[in-house]
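The values are calculated or read from the model by the stated rules, or taken from the named source; none is laboratory data. Owing to the predicted nature of the structure, the values given are computational and were not obtained by experimental measurement. A quick note on method: Cβ atoms are made from the backbone with ideal geometry, for glycine too, and the neighbour counts reach across all protein chains shown.
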Amino acid sequence: MGRVDEPNDRSLAVVRVALLGCGTVGGGVLRLLEQNRTALAEKVGATLEVVKVLVRDTDKARHPECPRHLLTTDPEEVFSVPGLDVVIEVMGGLSPAGELIERAIARGLTVVTANKLLIATRGPTLLAQAAKARVDLAFEASVGGGIPVIRTVSEALSADRVESIVGILNGTCNYILTRMRVAGVGFQTALAEAQELGYAEADPSLDVEGKDAAQKLIILSMLGFRSNFAADACPTEGITAIDTIDFAAASRFGYTIKHLVVGRDLGDGISLHAHPTLVPKSSVLANIDGALNCVFIRGRALGPCILVGQGAGALPTAVSVVADLAQVARARLEGHEGLATRSLHTGPRALQPLSELVSRYYLRFEVVDAPGVLAKIAGALGEHGVSIQEMVQEGIEDSARLLMTTHSTREGELKKALSALENTAFLRKKPGFLRIEDI
């Protein structure tokens, strides 16, 4: 811990911070540190001073908050700063971010990161390294932007058992689905709007294919269910196949469509999946629109706990980064460093196959409008134990569209039934289905 002039004067303590990366989030971090300098100093009991900023290109135009005299492209300059205390990583990606974080931990430095991919991929390993080195590894900003979901699951609910985590964790998907529902536009039109507004990247595949949300669920599972699954372990589906027809059908049945992550502790295993889902119109989740995120956590003793807020963006994400910084800096200053990280334990858990999931389902068939077709579909479903709860038939030119919801059934049996129907002559298109989450 570096200090100036009078080591015994707490008001003059300085926590020296290195920032790895100075893009959108990094600029937000610097802005918050400057705007809230006095309040943060009072909260921490020390001044938070950024002493070095690692970037790939020192000549690139940057945010006004980014002091050019602190920029470097050389990690050696970062780690040679006298009295360095904390490293904040906002570079993203697995490398070189992972190697730099490991180096910081090995040097006895506290680490704050917003790196979702890195924590989803190597979180348990990095936590073990930090615990061994007796330093903190904080990553609130890796899930949910400015929503304090990591701290809620790992600290506020530490006296309870987390039974389920259900949420909307990708703002791009939520914005697109909101526009499809509200404006009646197709997926491509809604995606173009999201890109124009900056909610979607030029290559939006990570978001719209569901991978971003699934990685966040892996992190929440690590904390809530003490699991250590691989980053790609969560069964995942995106929203590219969702049609305005599905929204109209969902509405007729009393539902809307959201892209959800769903995690449940089954006792003898964990159920994890991320996909577009029908949710009741009366649900809190149904009314989370635009780019907002929402996490619905259920504890055995607490019951439901709902967190809503901005899940991405420079300042919302920076809020979580700086909040982590304030917490770990105070712990370091007072000699309690590493206690929070050492309390996080993960281990192997069995992951339930998606075929074993028991759920209700929405089904869509486009078929030849002829006698006996409905009976054949109902028969194939019934042979595999799939019971129809509600059904609507719509005429479309010389065809018919059959829209159904089912009673609870095992997904593996549903897929067998749909597979048996795929090559029948009366089908115009491959059958579609979505899960229903009555939350």
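Data overview
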{"item": "Qualifying residue in region 111-124 (condition: in a loop (DSSP other than H, G, I, E, B) and surrounded by fewer than 18 Cβ atoms within 10 Å (Cβ to Cβ))", "result": "no"}
{"item": "Residue within region 167-177 that is in contact (Cβ under 8 Å) with a residue 24 or more places away in the chain, in a loop (DSSP other than H, G, I, E, B) and either within 20 Å of THR317 (Cα to Cα) or in contact with a helix residue (DSSP H, G or I) (Cβ under 9 Å, 6 or more places away or on another chain) (or both) present", "result": "yes"}
{"item": "Unmet criterion (only one of (1) surrounded by fewer than 24 Cβ atoms within 10 Å (Cβ to Cβ); (2) without any contact (Cβ under 8 Å) to a residue 60 or more places away in the chain; (3) within 17 Å of VAL53 (Cα to Cα)) for GLY92", "result": "(2)"}
{"item": "Residues being under 28 Å from the mean Cα position of the chain (by Cα) and either assigned to a loop (DSSP other than H, G, I, E, B) or of a type in the set (S, T, N, Q) (or both) - total across region 409-439", "result": "4"}
{"item": "In region 135-182, residue nearest to HIS336 (Cα to Cα) [restricted to those that are in contact with a His (Cβ under 8 Å, 6 or more places away or on another chain) and of a type outside the set (A, V, I, L, M)]", "result": "ASN170"}
{"item": "Meets criteria (outside the structural domain of TYR362 (by TED's automatic domain parsing) and farther than 19 Å from VAL153 by Cβ) for ASN293", "result": "no"}
{"item": "Test: residue in region 125-145 that is surrounded by fewer than 23 Cβ atoms within 10 Å (Cβ to Cβ), outside any helix (DSSP H, G or I) and assigned by TED's automatic domain parsing to the domain that holds GLU89", "result": "yes"}
{"item": "Some residue of region 368-382 being among the β-branched types (Val, Ile, Thr) and under 25 Å from the mean Cα position of the chain (by Cα)", "result": "no"}
{"item": "Yes/no for GLU394 being touching a Ser or Thr at 6+ places or on another chain (Cβ under 7 Å) and surrounded by 13 or more Cβ atoms within 10 Å (Cβ to Cβ)", "result": "no"}
{"item": "Residue among ASP203, ASP207, ASP246 that alone is outside any helix (DSSP H, G or I) and of a type in the set (D, E, K, R)", "result": "ASP203"}
{"item": "Residue in region 312-332 that is outside the structural domain of LEU285 (by TED's automatic domain parsing) and out of contact with any helix residue (DSSP H, G or I) (no Cβ under 9 Å at 6 or more places or on another chain) present", "result": "yes"}
{"item": "ALA400 being without any contact (Cβ under 8 Å) to a residue 40 or more places away in the chain, part of a strand (DSSP E or B), crowded, with 16+ Cβ neighbours inside 10 Å and of a type outside the set (S, T, N, Q)", "result": "yes"}
{"item": "First in region 407-419 and without any contact (Cβ under 8 Å) to a residue 60 or more places away in the chain and surrounded by fewer than 16 Cβ atoms within 10 Å (Cβ to Cβ), second anywhere and among the hydroxyl-bearing types (Ser, Thr, Tyr) and part of a helix (DSSP H, G or I), Cβ under 6 Å, 6 or more apart", "result": "GLY412/SER355"}
{"item": "Out of ALA41, ALA61, sole residue that is among the aliphatic types (A, V, I, L, M), assigned by TED's automatic domain parsing to the domain that holds GLY93 and surrounded by 14 or more Cβ atoms within 10 Å (Cβ to Cβ)", "result": "ALA41"}
{"item": "Members of region 249-290 found to be assigned to a loop (DSSP other than H, G, I, E, B) and either of a type in the set (Val, Ile, Thr) or not assigned by TED's automatic domain parsing to the domain that holds THR172 (or both), listed by number", "result": "VAL284, ILE288"}
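Let's see how each residue does on (1) surrounded by fewer than 22 Cβ atoms within 10 Å (Cβ to Cβ); (2) more than 26 Å from GLU394 (Cβ to Cβ); (3) basic (Lys, Arg):
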{"position": "LEU220", "(1), (2), (3)": "no, yes, no"}
{"position": "ALA230", "(1), (2), (3)": "yes, yes, no"}
{"position": "THR236", "(1), (2), (3)": "yes, yes, no"}
{"position": "GLY254", "(1), (2), (3)": "yes, no, no"}
{"position": "GLY269", "(1), (2), (3)": "yes, yes, no"}
{"position": "CYS305", "(1), (2), (3)": "yes, yes, no"}
{"position": "GLY313", "(1), (2), (3)": "yes, yes, no"}
